[in-house]
Amino acid sequence: MAFTRSFLSATGLTEEQVKAVMEEHVSVTDALKADRDKYKTEADKLPGVQKELDALKGGDNWKQKYEDEHKAFEDFKTKTAQDAEAAKVRAAYRKLLIEEKIGEKWLDRVMESTDFSGMKLDKEGNLADPDKLKDALDKKWGDVKTTVSTKGATVDNPPKTGNPAITKEQILAIKDSSERQKAIAENLNLFGKG
């Protein structure tokens, strides 16, 4: 049975009451139709929104992308720390070469031909097991070590001091008179004239 004016009139309502009920019925029905149309329009948009959402999430690959980026960052941090440690080892080894008197012109060649993979630093930042490294240096590069020797200056004529290099008796024992006279003149202090 339909909700009509004649149905309402048959229920015993006055014309005024029938009119009021019908107006209310129409306003409620129109509001429901408007809601229905709005929800249908929004529902039609839903597949497009779902596609956009999937595109933003990157599908299910977002987790893999995160893990790949995280691993790459951790690898970068590890490599940076290893490079810094290797630089410290190289600097300590160069210092050892200088201490072991490897010639300046040979330092770069020795550094280039050295395998640093087994070298480590101790807690103080010095090379661990330096004696073993020194022995290896002596065996392989001993011939390029520099040697420094000190030699006093040579003096052709020693300077005269208050202590004569020759005695009065030695001068008087000189047989050649010109040599004896020369020695006396050079050592007048021995004869009380100087």
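The values are calculated or read from the model by the stated rules, or taken from the named source; none is laboratory data. Just so you know, these numbers come straight off a predicted model, no measurement behind them. Ideal geometry is used to build each Cβ from the backbone, glycine not excepted, and the neighbour counts take in all protein chains shown.
Worth pointing out:
- Test: residue in the range 74-81 that is of a type in the set (S, T, N, Q), outside any loop (DSSP other than H, G, I, E, B) and within 21 Å of the chain's Cα centre (by Cα): yes
- Residue among Leu32, Leu13, Leu8 that alone is at pLDDT below 90 and assigned to a helix (DSSP H, G or I): Leu8
- Qualifying residue in the range 111-118 (condition: part of a helix (DSSP H, G or I) and without any contact (Cβ under 8 Å) to a residue 60 or more places away in the chain): yes
- Residue in the range 90-98 that is exposed (fewer than 10 other Cβ atoms within 10 Å of the Cβ) and assigned to a helix (DSSP H, G or I) present: no
- Listed by first and then second residue, the pairs linking a residue in the range 1-14 that is within 13 Å of His25 (Cβ to Cβ) to a residue that is β-branched (Val, Ile, Thr) and modelled with pLDDT of 80 or more, with Cβ atoms under 6 Å apart and 6 or more places separating them unless they lie on different chains, are Arg5/Val18; Leu8/Val18; Leu8/Val21.
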